Amino acid sequence: MAEIDSVKQKIAQLRDQLNYHSRRYYVLDSPEISDSEYDALMQELKKLEESHPDLVTADSPTQRVGAEPISAFGIVNHPRPLLSLANAFSDEDLDAWHKRISNLLPGHDFDFVCELKIDGLAVALTYENHIFTVGATRGNGLQGENITQNLKTIRSIPLSVPEKAPLSFEVRGEAYLPKDGLKKLNDERAAEGLPLFANPRNAAAGSVRQLDSKITARRPLDTFIYQLGWAEGGNLPANHWEIMQYLKSLGFKINPHVTHCRNIDEVKEYFHGWTDKREQLPYDIDGVVIKVNSIAFQEELGAVGHDPRWAIAYKFPAVQGTTRLVDIGINVGRTGSLNPFAILEPVNIGGVTISRATLHNEDDIHRKDIRIGDWVLLQRAGEVIPEIVEPIVSRRTGDEKVFYMPKTCPECGAEVIRIEGEAVHRCTNTACPAQALESIIHFASKGAMDIDGVGEKLCQSLFEQGLIKDSGDLYYLKREQLLNLERMGDKSVSRVLNSIEASKQRPLAQLIFALGIPNIGGETASVLVQHFSSINSLSKAGCEQLMNIPSIGPKVSEGILAFFRQPQNTAIIDKLRKAGVKMESAEGLRKDLPLSGQEFVITGRMESAGRPELEAKIRALGGKAGSDVTRKTDFLVVGADPGSKLARAQSLGTRLLNEKELLAVLNDAEARLK
């Protein structure tokens, strides 16, 4: 008796949690937990109810699809329910689903259609006499909200269809906001001091459920249609794959990656392929939907509860999660910038344990109202450093603390200042140990002096043992000093010394970048080399001379002038000069470099060299190495595992190069230079 009471109590607790989070997700558009955490709660409740079927009630979250519609909109009755989907989280789950439907279709072979599961808002579009008449949300599956006027503002939804279409029918699809649209929308909301959308689904929901359709019209919403809901009249194809092609012929937007799979092995291949490359897409997906292709088999399989037996959603590993912000730490960068970062209670997101996250700067922390002690929504995209999307305000206890940047440097105790017009706080001590070590690491890195074998760990070891105090000291290291270091054998030492010697001949642009002058990146360094043929001439330049250079503004000019005013910096340059580091460039003042006027963007993993090294070569030959694909980009260089830049380039018609083709371009440019 005690055991069954305990089960009842747990079921009641789970139902309350799910109802609460369902309302925040579907009605208030303000989730407090990630999709994966919600799924875990639902799975736990399902298992308990399956073990105790006598405890299942009609109002259990397992018996519902979504939440009740809000009263601000008119109500639409769905002629056929908009069912939700059961979830699979592993190949084993998928195999179990396949076995179940195979047992229900004995002696039959059947194929599948696989579709990307768009992270948006499900909508149903009704057409009567070939005219779009009603657009609705899923709601609770039986009734949804009438958002017809808002959906009419989405240009991918046809307002009418050809005469060959059925007289009356309904299609179902997903309204979504592309990644760049979400970023733009959140930037606008941030500027207005409004709360940001946590993810694309919230953005889409918040956009289509506006009482003023003019607001919806200003947002770059899009749709993909994924199903024919019902139809009256007309001869329709007998399987889902052909129906999708038919809907495409009527003018509906169908996802280009919908795929016909002959068996369950091809389904798995499709899923795992997109697990690795989903970041390439210009919109977010959270899994793959698998459907039995035959409509006759779909009808025979039917549904169990609110889940169709003939379809399942295979979900990707989680990319969002919730955890507690324990503290905010400070990292001091090589330019003296104080960079806050989140110290988190460890949480597993997508198979990776996260205990740190980026926080950008104090203004961003205050804009998001993130406080020490908050529960926060955390997001990880691919291999990008995780970031805090927003605090979960409803879970605050009152003990949380507002964060302010320290008045003194946590590394050296010097005064911290914030220059007007800048978002960052800086340590005023140029001899700050944290700055010195970070400057050395930067100096030796790829794209800078590219000293092979001199990485972060070796720099730290050399610095901590007092063998180097600045980047100039690297050129005075002795073999016996390196041999005394841990894990440094004769071959390793020879490699390091040879790399240091070879770096003396790096192009002037790489040296300028390596020096760590504030606001000077690789691109700006290349611009400077076209106007100054040596470090000496650059150091003597005045503000007016610098400002006359295109793309050099007041901030960059002041950074250059301030850098050369510091005696510590000129002392390092003197060390480099005496060590034999090349301080001049034969390319100074040349404006006819082979790649002048051409912009290259690199995405994916390169085999022949690292991205910074290739970008440095592009700049040295007069080209521009961009970070984002725009209409001004001439070439996208595509390596292994490319990111979302590839899809952007394809949509813009940007010319694509593989790594071999890029090397051929660089070799040809170098030959012409000689």
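What follows draws every value from the coordinates through simple rules; no lab data is involved. Predicted model, so just to flag it, every value in this text is computed and none were measured. For neighbour counting, all protein chains shown are included, and Cβ atoms are generated from backbone atoms with ideal geometry for every residue, glycine included.
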VAL7 versus GLU607: modelled label distance in nm, points set 7 Å from Cα along the beta carbon direction: 5.8 nm
Quote to one decimal, in nm, the extra length available between ASP364 and LYS152 on full extension: 0.36 nm per residue of separation minus the C-alpha distance between them. 72.7 nm
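I need the trypsin sites (Lys or Arg not before Pro) found in region 238-334, filtered to DSSP loop residues with at most 14 other beta carbons within 10 Å of theirs. Working shown, then result.
Working: sites: LYS248, LYS253, ARG262, LYS268, LYS277, ARG278, LYS291, ARG309, LYS315, ARG324, ARG334; in loops: LYS253, ARG262, ARG309, ARG334.
Sites meeting the loop and neighbour criteria: ARG262.
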Once normalised by the length of region 599-673, the mean sequence separation of its alpha carbon contacts under 8 Å that are 6 or more apart gives a contact order in percent of 36 percent
Under the helix-only model (-39500 (n - 2.57) for each DSSP H run of 4 or more, divided by the residues of the chain), the mean residue ellipticity at 222 nm, to 500 deg cm²/dmol, is -10500 deg cm²/dmol
Out of the DSSP beta bridges found with both residues in region 566-674, what percent are antiparallel (nearest 5)? 10 percent
Can you list the aspartates and glutamates whose alpha carbon is less than 18 Å from that of LYS268, not counting same-chain residues fewer than 8 positions off? ASP91, GLU92, ASP93, ASP95, ASP109, ASP111, GLU115, ASP276, ASP286
Long-range amide H contacts for GLY643: which residues qualify at under 5 Å (H placed 1.01 Å from N, peptide plane, sequence gap of 5 or more or a different chain)? GLY604
Computed label-point distance, nm, for sites ASP276 and SER51 using a 7 Å Cα→Cβ extension: 3.9 nm
Any idea how far the Cα center of region 408-439 sits from the one of region 151-210, in Å? 45 Å
Out of all DSSP beta bridges in region 320-414, what portion is antiparallel? Express it as a percent rounded to 5. 95 percent
Label model pair ASN339, LEU196: point-to-point distance (7 angstrom along the Cα→beta-carbon line) in nm is 1.7 nm
Check: region 522-665 dipole with +1 on Lys, Arg Cβ and -1 on Asp, Glu Cβ, in debye: 180 debye
From the backbone phi of region 212-228, what are the Karplus-calculated ³J(HN,Hα) couplings (6.51 cos²θ - 1.76 cosθ + 1.60, θ = phi - 60°) in whole Hz, Gly and Pro given as x? 9, 5, 5, 5, 4, 4, 7, 9, x, 6, 9, 9, 10, 8, 10, 6, 8
Output wanted: per-residue J couplings in Hz (rounded whole) for region 502-518, from phi through Karplus 6.51 cos²θ - 1.76 cosθ + 1.60, θ = phi - 60°, x for Gly and Pro. 5, 5, 4, 9, 5, x, 4, 4, 5, 5, 4, 5, 5, 5, x, 5, x
What is the helix-to-structure angle for 35-51, meaning the angle in degrees between its Cα long axis and the longest Cα principal axis of the chain, kept from 0 to 90 and rounded to the nearest 10? 40 degrees
Rounded to a whole number, what is D in µm²/s for region 285-412 from Stokes-Einstein with the Kirkwood radius over alpha-carbon pairs (10 °C, 1.306 mPa s)? 91 µm²/s
Cross-link list LYS10/LYS99; LYS184/LYS214; LYS446/LYS578; LYS152/LYS368: which exceed 25 angstrom alpha carbon to alpha carbon? LYS10/LYS99; LYS152/LYS368
LYS253 long-range amide H proximity, modeled H, under 5 Å: ILE225
Could you tell me which GluC sites (Glu not before Pro) in region 125-179 are loop residues by DSSP with no more than 15 other beta carbons within 10 angstrom of their beta carbon? GLU163
Region 75-315: relative contact order from alpha carbon pairs under 8 Å, six or more residues apart, as a whole percent, is 32 percent
Footprinting exposure proxy for GLU480, GLU387, GLU266, GLU188 (fewest neighbouring C-beta atoms within 10 Å first): GLU480, GLU188, GLU266, GLU387
Relative contact order of region 433-579 (C-alpha contacts under 8 Å, at least 6 apart) in percent is 24 percent
Going by how many other beta carbons lie within 10 Å of each one, how would you line up SER6, SER22, fewest first? SER6, SER22
In whole Hz and in residue order, list the ³J(HN,Hα) couplings for region 412-426 that follow from phi through the Karplus curve 6.51 cos²θ - 1.76 cosθ + 1.60, θ = phi - 60°; x for Gly and Pro. 10, x, 6, 4, 10, 10, 10, 6, 4, x, 9, 8, 9, 9, 10
Would you order LEU652, LEU221, LEU18 from fewest to most other beta-carbon atoms within 10 Å of each residue's own beta-carbon? LEU652, LEU18, LEU221
Give the percent of DSSP beta bridges with both residues in the chain that are antiparallel, rounded to the nearest 5. 85 percent
